[in-house]
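Every number in this text was worked out from the coordinates using simple rules, so none of it is lab data. Not measured: the values here are computed from a predicted model. Every residue, glycine among them, receives a Cβ derived from its backbone with ideal geometry; neighbour counts consider all protein chains shown.
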Amino acid sequence: MENNFNYDFKISLKDSIPLDPSSCNKILCRRSLHEFTEPSKMLKEIRRVLKDSGEVVIIEALPKRKGIRDDYCGLPYLMPDEIIKMFTDHKFILKNQQKEEMNLIGKGTFSVLTFTK
């Protein structure tokens, strides 16, 4: 089976995305949202570069209780309701929320949230 993916990988500063406004159909934020030092700035940037019909997919470890910290960065994981509030406060609409079992760096259960602009 042949996969034809059409995406670019960009690395940027912590509070800016080096892309034109309304240039992305989909943005994936995998295991990093809890590490944003200024989440409000990043959400504004995500909103800026996302097309009106675009989606943001957030994959974050689903802690068993609030306050559990990431083994690598030491920062606390975000609970799904915290993520939803963060995005809806920035005028994103929750499209889908699910819990999935994934084998990512020894972690098991992840929250997968999809938002639209």
Fill in the blank from the handout: Any aspartates and glutamates whose Cα falls less than 18 Å from that of LYS26, other than same-chain ones fewer than 8 residues away, would be ASP8, GLU45, ASP52, GLU55, GLU60
Problem - Listed pairs LYS85/LYS117; LYS41/LYS95; LYS41/LYS85 exceeding 20 Å between Cα atoms - result: LYS41/LYS95
Practice task
Given the peptides 53-63, 86-96, arrange them by the average over their residues of other C-beta atoms within 10 Å, most packed first.
Solution key: 53-63, 86-96
